[in-house]
Each structure stands twice: as structure tokens, then as C-alpha cells.
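For reference, the structure is listed below as C-alpha cells.
The values are calculated or read from the model by the stated rules, or taken from the named source; none is laboratory data. Values in this document were obtained by computation on a predicted structure and should not be read as measured data. Every residue, glycine among them, receives a Cβ derived from its backbone with ideal geometry; neighbour counts consider all protein chains shown.
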Amino acid sequence: MIKAVLLFAVGLVLLIKGGDWFVDGAVGVAHRYHIPEILIGATVVSIGTTIPEVMVSSIAAAVGQSQTAYGNAIGSIICNTALICAITISAKSVAEVNTKTFRTPVMFFFGAAILYAGVAYTTGTFSRLIGIILLAIFLVYMTLTVRQALKNRLTIDDAAEAEVEKDEEKEKNSPLWKDIVLLILGAGVIALGANLLVDNGKIIAAGLGVPESVIALTFIALGTSLPELVTAITSLVKGHSSLSLGNIVGANLFNLVLVSGMAMTINPFTIPADKLIGGMNASLVVDVPLMFFVMAFMTVPALLTKKLRRYQGIVLLIVYAAYVMFQFFF
């Protein structure tokens with residue numbers, strides 16, 4: 001048991017460091033070939049913070065651990081919103097939300113979530129076809145995001161453009177082999193960390209006498225969400241809380257369409273039924289409704305008032321604490 005916990009922790013560290021190396025390498029290569037900075041942020045960096053979830057859920061699905069494949073995506077959405085984003089909002093209210101850029105990922109998220117919930121409540125089985133549809137939604141969203149990013153780049157002022165060119169020149173001075181090594185090494189370390197997380201998460205679940213899905217919805221979800229947590233804290237310290245908000249909404253969307261879509265396509269699975277409430281699947285009673293609630297509680301006020309208040313963060317933190325207690329003690 002102690003060995004499993006230590007290896008689980010090592011897996012988390014490898015996921016975080018591997019993701020960091022992967023993004024650094026990708027950004028370095030992209031800059032070298034004059035790919036716009038804003039385009040890098042809209043694609044490579046956004047996907048980079050979601051890579052841990054993709055690897056964990058894909059590996060779990062491939063080895064038949066449907067509880068982890070399912071719970072990691074849902075749990076990460078709840079964790080990103082009710083813990084990570086809540087910390088940001090609780091520390092400092094977001095006075096101005098850019099609803100123009102915020103609206104698109106929110107609409108895509110709820111559209112994908114309705115499809116996801118519809119399948120969960122009607123059949124309870126996520127087929128390969130559903131996975132392909134979710135991946136198609138991801139491609140459509142990325143296409144729109146890239147087009148919007150390129151369009152917005154035309155409005156960058158001279159000072160911002162000079163800063164971009166300065167960063168690109170700095171990247172060009174770095175040897176190409178270094179960026180490629182970081183890219184390959186990062187991907188390999190992420191894969192190793194994900195394997196350790198999945199394998200030892202199952203051992204810990206058995207040792208604690210709790211369902212595997214509980215570990216996926218809490219420990220694994222929190223572990224794979226650490227890149228978003230680091231981004232949120234860094235953005236908060238630098239006074240860019242709205243940047244953290246955008247990253248979290250994008251990551252939540254990717255958890256549904258990319259993470260879940262990839263897992264389903266690799267190996268279709270059913271909703272875990274190892275935890276019941278009044279004879280009903282606990283995930284359908286608690287997890288899925290809570291996913292909708294925390295996202296709506298965060299995004300709807302932002303879209304209506306262009307602001308996010310401290311009380312929202314406090315409420316979300318209370319909700320997350322209650323959720324974790326429910327998972328382990330009920």
C-alpha cells in the first residue's frame with residue numbers, strides 16, 4: 001500500500017513535469033517556424049494542460065478500467081471549476097470578463113455535456129460512435145478557435161507585435177534539437193506518469209476499500225488537474241485572473257470532447273455502477289448533475305454581468321468540499 005502511494009505520487013510529478021516539457025518543446029518548435037503566438041496559445045498550450053487527462057483516461061480505457069476512464073474526465077471538470085477556478089475567484093473577483101471570447105467555449109461545453117448526459121441517462125453505454133462524435137466536436141471547436149485566433153492577431157498593436165517578435169527571436173537562438181528532445185521526452189514522461197497513476201490508483205482504491213471510480217473522481221482528477229491549478233495561481237499572482245478563467249473553461253471542454261472522446265474510441269465503456277444511492281447509480285444522481293451545476297454557477301453570471309464575484313468562489317469551494325466528503329464517507 002505504501003509503495004502504491006509513493007508510485008502514485010511519482011506518477012503525479014511525472015505528469016506535471018512531462019506536460020511542462022512537452023509544452024515548452026512545442027512552443028519552441030512553433031516559434032521557430034513563425035507560427036503566431038496567439039495561435040500557439042489557442043492550440044498547443046490549451047491542449048498541453050489537458051494531456052495528463054488524455055493519457056490517463058486513454059490508458060485506463062485500453063486496459064479495461066472504465067471507472068478511471070469515466071471518472072477522471074467528470075472529476076476533472078468538477079475539480080477545475082469548484083476547486084481551481086473557485087480559488088482564483090475567491091482570492092480576487094474578476095471585474096471584467098470578455099464575453100465575446102468566453103461565449104464560444106461555454107456554448108460548446110454545454111452542447112457536448114447535453115450529448116454526454118443524454119447518452120448516460122438513456123443507454124449508460126458510451127460507444128465508439130459517441131467517441132468519434134465527441135472528437136469531431138473537438139475538431140470543429142479547434143478549427144473555429146484557430147480561425148478566430150488568426151483574425152484577432154490582425155488587431156495586435158505595434159508594442160504587442162514587437163514583444164512577440166522578441167520572444168520568437170529568443171526561441172530561434174535556442175537549438176532545434178533541444179526543443180525536439182523536450183517534445184519527445186515530455187510525451188514519454190507523461191505516458192509513464194499516466195501508467196503509474198492508473199495502475200497504483202487501482203491498488204490504493206482496493207486498499208482503502210472504496211470504489212475505483214471514487215479514486216478517479218477525486219485523487220486522479222485532482223492530480224491530472226494540477227497543470228490548470230499551476231496556471232490559475234500563476235495568472236492570479238500576475239494579475240491576470242481572467243486568463244485562468246479562460247484556460248479552465250477550455251480545459252473543461254477538452255475533458256468532455258477530447259479526453260472522453262479518445263477513451264471511448266479506444267475502448268467503449270459503460271458508466272460504473274459500483275456506487276448506488278437508493279438503488280440508483282450514484283454518478284447519475286450526483287456526478288453528472290453537479291458537473292452541470294458548477295459550470296452553470298460559474299459561467300452564467302459571467303455571461304450576463306461580465307463579472308465573477310468572490311461569493312461564487314466561496315460557494316463553489318464549499319460544494320467541492322461536500323462532494324469529496326460524499327465520495328469517501330457515503
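Here is a check on your reading of the model: is Ala73 at pLDDT 85 or above, of a type outside the set (D, E, K, R) and in contact with a Leu (Cβ under 7 Å, 6 or more places away or on another chain)?
yes
Going by what's in this entry, would Ala273 be described as in a loop (DSSP other than H, G, I, E, B), modelled with pLDDT under 90 and of a type in the set (A, V, I, L, M)?
Taking the combined requirement at face value, the residue satisfies it.
Go through segment 270-325 residue by residue and tally those that are crowded, with 16+ Cβ neighbours inside 10 Å and of a type in the set (A, V, I, L, M).
So the answer is 17.
Which pairs do you get when a residue that is over 17 Å from Met55 (Cα atoms), found in segment 15-30, comes within reach of a residue that is at pLDDT 70 or above and among the acidic types (Asp, Glu), reach meaning Cβ atoms under 7 angstrom, with the pair 6+ apart or on two chains?
As it stands, the answer is Gly25/Asp179; Gly28/Asp179; Val29/Asp179, since those pairs meet every condition given.
Of the residues that sit in segment 232-241 and are surrounded by fewer than 24 Cβ atoms within 10 Å (Cβ to Cβ) and assigned to a helix (DSSP H, G or I), which one is modelled with the highest pLDDT?
Checked segment 232-241; the qualifying residue modelled with the highest pLDDT is Ile233.
Taking segment 94-129 as the search range and keeping residues that are in contact with a Ser or Thr (Cβ under 8 Å, 6 or more places away or on another chain) and surrounded by fewer than 16 Cβ atoms within 10 Å (Cβ to Cβ), which one is nearest to Ile51 (Cα to Cα)?
Arg128
Scan segment 64-82 for residues that are crowded, with 24+ Cβ neighbours inside 10 Å and not in a helix (DSSP H, G or I) and report the count.
Result for segment 64-82: 1.
Anything in segment 103-134 that is over 18 Å from the mean Cα position of the chain (by Cα) and among the hydroxyl-bearing types (Ser, Thr, Tyr)? List them, or say none.
Tyr121, Thr122, Thr123, Thr125, Ser127
For Leu12, work out the one condition from (1) farther than 19 Å from Val249 by Cα; (2) surrounded by 24 or more Cβ atoms within 10 Å (Cβ to Cβ); (3) at pLDDT 75 or above; (4) in contact with a helix residue (DSSP H, G or I) (Cβ under 6 Å, 6 or more places away or on another chain) it doesn't fulfil.
The one condition Leu12 does not meet is (2).
Gly111 versus (1) more than 20 Å from Val315 (Cβ to Cβ); (2) touching a strand residue (DSSP E or B) at 6+ places or on another chain (Cβ under 7 Å): which is the lone unmet condition?
(2)
Tell me the residue from Val97, Val54 that is of a type in the set (Val, Ile, Thr) and part of a loop (DSSP other than H, G, I, E, B), please.
Step by step, each of Val97, Val54 is checked, and only Val97 is of a type in the set (Val, Ile, Thr) and part of a loop (DSSP other than H, G, I, E, B).
From the set of residues in segment 52-64 that are touching a Leu at 6+ places or on another chain (Cβ under 8 Å) and among the hydrophobic types (A, V, I, L, M, F, W, C), which is modelled with the highest pLDDT?
Val54
Of all residues in segment 242-269 being buried (at least 22 other Cβ atoms within 10 Å of the Cβ) and of a type outside the set (A, V, I, L, M, F, W, C), which is modelled with the lowest pLDDT?
Ser244
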